[in-house]
1. On average over all directions, what projected area in square nanometres does region 1-139 have, based on the convex hull of its Cα atoms?
2. Tell me the angle of helix 474-491 to the major Cα principal axis of the chain, expressed in degrees between 0 and 90 and rounded to the nearest ten.
3. Please name which of TRP283, ALA42, GLN457 has its Cα lying farthest along the dipole of the chain towards the positive end, using unit charges on Cβ (Lys, Arg +1; Asp, Glu -1) and the Cα centre as origin.
4. Which of ILE18, VAL117, ALA491 sits farthest toward the positive end of the charge dipole of the chain, with +1 on the Cβ of Lys and Arg and -1 on the Cβ of Asp and Glu?
5. With a ≥ b ≥ c taken as the square roots of the eigenvalues of the C-alpha gyration tensor of region 178-226, please select rounded if a/c is under 1.5 and otherwise prolate if a/b is larger than b/c or oblate if it is not?
6. In a shell of Cβ-Cβ distance under 14 Å around HIS131, excluding HIS131 itself, what net charge do Lys and Arg (+1) and Asp and Glu (-1) give?
7. When you count, for each residue, the other Cβ atoms within 10 Å and take the mean per peptide, how do 164-172, 264-272 rank with the highest first?
8. Please give me the summed charge of the neighbours of GLU281: other residues whose Cβ is under 10 Å from its Cβ, Lys and Arg +1, Asp and Glu -1.
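Nothing in this text is a laboratory measurement; each read-out follows from the coordinates by a stated rule. For clarity, every value in this text was computed on a predicted model and none was experimentally measured. Cβ sites come from the backbone with ideal geometry, for glycine too, and all protein chains shown count toward neighbours.
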Amino acid sequence: MLPTTRSLRLGFYTLAIILGAVLAAGLAMRHAERQALVEDAARANQQLALYANSLHTLIDRYRALPAVLALDPQLRAALNGTVSTEQQDALNRKLEKINGAARSSTLELLDRTGLAVAASNWRLPSSYVGHNYGFRPYFSQTRTQGTGRFYAVGVTSGIPGYFLSSAVTSDSGEFLGAMVVKLEFPELEREWQGSDTLLVSDARGVIFIANQPGWRYRLLQPLSDSDHADLKATRQYDKQPLTPLEYQSLRRFDDNSELARVVGPDGTADYLWESLPLTAEGWTLHLLRQPQVAFEDTRNAALAAAGLWLALVFLLLFLNQRWRLAKMRQRSREELEQLVQERTRDLRTAQDGLVQSAKLAALGQMSAALAHEINQPLTAQRMQLATLRLLLDHGRVDDAYKALKPVDDMLTRMAALTGHLKTFARKSPSGLRERLDLAAVVDQSLQLLDARLRDEQVSTVLHLTRPAWVRGDAIRLEQVLINLLRNALDAMQDKPCKRLQIRLEADEQLWRLTVTDNGGGIAAEHLPNVFDPFFTTKPVGDGLGLGLAVSFAIVHESGGRLSADNHASGAVFTVTLPIDLEAPVSC
Ligand code: ADP
């Protein structure tokens, strides 16, 4: 079976969510690693500052020594002329003693040509005495500037060291020679022993101090030709071979901090490489540390990021679902409202139609009665006219006038009847709310049914409060009354003694109109249904079952109520309508 578009889309979304989670985890891992490296670098930097401090302290301790010794009168006197063997011996012993006390590596006294006239190591085979060091930069520096300093591998001893020198001058300020102290760093290198690699490089990038074997005399950058020439002239690193240290920067944090891949003496490894320039000496101190990023930290960061991503996705999905649900609810509410409006409109149209068809039905039923009603006066009038003709033939004009009166009356009544029928059949606009007297509506309805009331010998009892002002549509209310009266007459059809009672009285804010008959009442099981459209107990052709339904609607429309009930011998229909309190307009 082919997968549906829906399941394809679902698969795509799932894949996108998983990819997002993996991406978030990957990014978080990278970030965590980087963060750990940056923190490690900051820690290494602090340590580097401590190491730099210890180096400075060491150098500073000896910086003043040659200057102080250069003031010694014995040394100055010795350099003033040629040094005798006894003088040299005395000087050697003196320097040896001071060197022991100061715990420096070596002390030597050079004459104005750079020849060592005395040295603390005079006893050793590597004694400086008798050697000339005029080629060393510290000597020329001392001659020209008064002091000098220089790191170099001892040409005699082969031991590297830092030479600090001070000029020995005559009273007149003439340069007589130089007092030199040599410091060696093996002790410092031992002190720095640890897991980190500590290096000191000179201005040319030559590493000359290292706490690990194999790093010393490596080049951090290629030497120029002039560098080569200088090194040769000063014999700074003497016979030591200088080999380049290969490294490649992987990531740079700042000018003095980076992650680098170094081909070191112990093989290739990645190092966190921190540098600190030592401006006083023109050197640079380096700390190389193998980064240690905790696996748990990065894993936790990755899990947290993936979790966060999933939570975010589910939150968005949840919100989206809610929003769609709300939109759907809103749409169905609108649809329902529209439907209700449509139905209400339809209902009103249907109701108007019902009222009209009920009227027409009533009209149809009434026409038979009307034909009878009109026929009777017509026959009477024909007979009356024959009488009139006879009276006129006999010249009895006065009697003839008298005989005209009943004809006139009968014609007036017939005109009233037909006029009323016209208004009854008219389709009146719904919602008419004219001020009208309910008692007059009762009168007019009774008048319309007068013939039937008389024919069926119904005794009618009226208790009408006049005027009974209400607001509504007179024709429609009249239709209600006619329906109620006709139903009462129908119910009393087979009763020998027919009694119809109509009451109209005020009850607080309402007019209460009751129509009571003695037709036997409505069966209890029918009572809840009498107002339903098309509910009828009458034989087919006699009843449509619309009268009460339409009447109910009309009364409601006028703001009133219509109810049905039984009394001892028949039914009672009650119409209540609000009393219209507005005073009639007097003109
Ligand atoms: P129809 O008169 O065409 O049957 P109506 O809606 O006017 O329709 O009346 C519905 C039914 O209510 C009648 O068929 C009848 O059963 C009952 N009914 C109405 N008025 C009375 C009454 N005065 N006495 C007894 N039953 C009545």
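1. Mean projected area of the Cα convex hull: 17.0 nm².
2. With both axes taken from Cα atoms, the answer is about 60 degrees.
3. Of the options given, the answer is GLN457.
4. ALA491
5. Oblate shape, in that a/c is at least 1.5 and b/c is the bigger or equal ratio.
6. 0
7. Answer by packing, highest mean first, reads 164-172, 264-272.
8. Result for the local shell: 0.
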